[in-house]
1. Only one of E80, E57, E62, E86 is touching a strand residue (DSSP E or B) at 6+ places or on another chain (Cβ under 6 Å), closer than 27 Å to V6 by Cα and not hydrophobic (A, V, I, L, M, F, W, C). Can you tell me which?
2. Just wondering, is there one or more residues in segment 7-22 that are of a type in the set (K, R), without any contact (Cβ under 8 Å) to a residue 60 or more places away in the chain and over 30 Å from R91 (Cα atoms)?
3. What's the total number of residues in segment 16-46 that are acidic (D, E) and either surrounded by fewer than 10 Cβ atoms within 10 Å (Cβ to Cβ) or not assigned by TED's automatic domain parsing to the domain that holds L82 (or both)?
4. State all residues of segment 89-133 that are among the charged types (D, E, K, R) and surrounded by fewer than 13 Cβ atoms within 10 Å (Cβ to Cβ); if no residue qualifies, say none.
5. What pairs come out if I take residues in segment 100-121 that are under 19 Å from W88 (Cβ atoms) and pair them with residues that are surrounded by 10 or more Cβ atoms within 10 Å (Cβ to Cβ) and at pLDDT 90 or above whose C-beta lies under 6 Å away, six or more apart or interchain?
6. May I ask you to say which residue of D115, D100, D73 is on the phi < 0 side of the Ramachandran plot, among the charged types (D, E, K, R) and in a helix (DSSP H, G or I)?
Amino acid sequence: SVVGSVGVISAGFGFSELIDRMGIERRLHSAGEAKARLDPFFAEKSEDVRWLEQIQEGIHDEFRNWVIERRGDKLKATEEELFNGEVWLGRRAVELGVVDGIGTLREVVEKRFPDATIELTGPRRSLFAKLGVPAAGWDDAVAAVVGATRARVAWSRYGL
């Protein structure tokens, strides 16, 4: 597993110069001053970036606090190391205290919940499979019938 990534990111594109060069006019109508923040078709405004950074900091703080409340004394590194967006593989995550151990779902459930049972489920079986008909070729046959039906409907509009 890859564990960590306690951080917040936002990405986008800016197309304001491109649409100007192509002679495209952006028309935007909204109720409320803040409805078009960080619109990719307008030039970026510093106040919009500050607003986004405040939102991101708030989310990051909530996420960091959530992890600290749940992991508590198990965490074995500084906040700067744990909450900078870095990711770790299993062994390193155990060393840092962000996970309790390494194991499969079955191993962990058997260890922590010895009375629990795990039931494996799979996709529903098709009618053909339930009837014992081999599935090979049926998907293609059904797709061909559907395609032919669509073509017939499309051409029937023209009396053909």
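The values are calculated or read from the model by the stated rules, or taken from the named source; none is laboratory data. Given the structure is predicted, the values throughout are model-derived calculations rather than measurements. Here Cβ is always computed from backbone atoms with ideal geometry, including for glycine, and neighbour counts include all displayed protein chains.
1. E86
2. Yes, because at least one residue in segment 7-22 is of a type in the set (K, R), without any contact (Cβ under 8 Å) to a residue 60 or more places away in the chain and over 30 Å from R91 (Cα atoms).
3. Number satisfying all stated conditions: 3.
4. Once the filter is applied, which keeps residues that are among the charged types (D, E, K, R) and surrounded by fewer than 13 Cβ atoms within 10 Å (Cβ to Cβ), segment 89-133 yields R91, E95, D100, R106, E107, K111, R112, D115, E119, R124, R125, K130.
5. I102/G90
6. Answer to the selection: D73.
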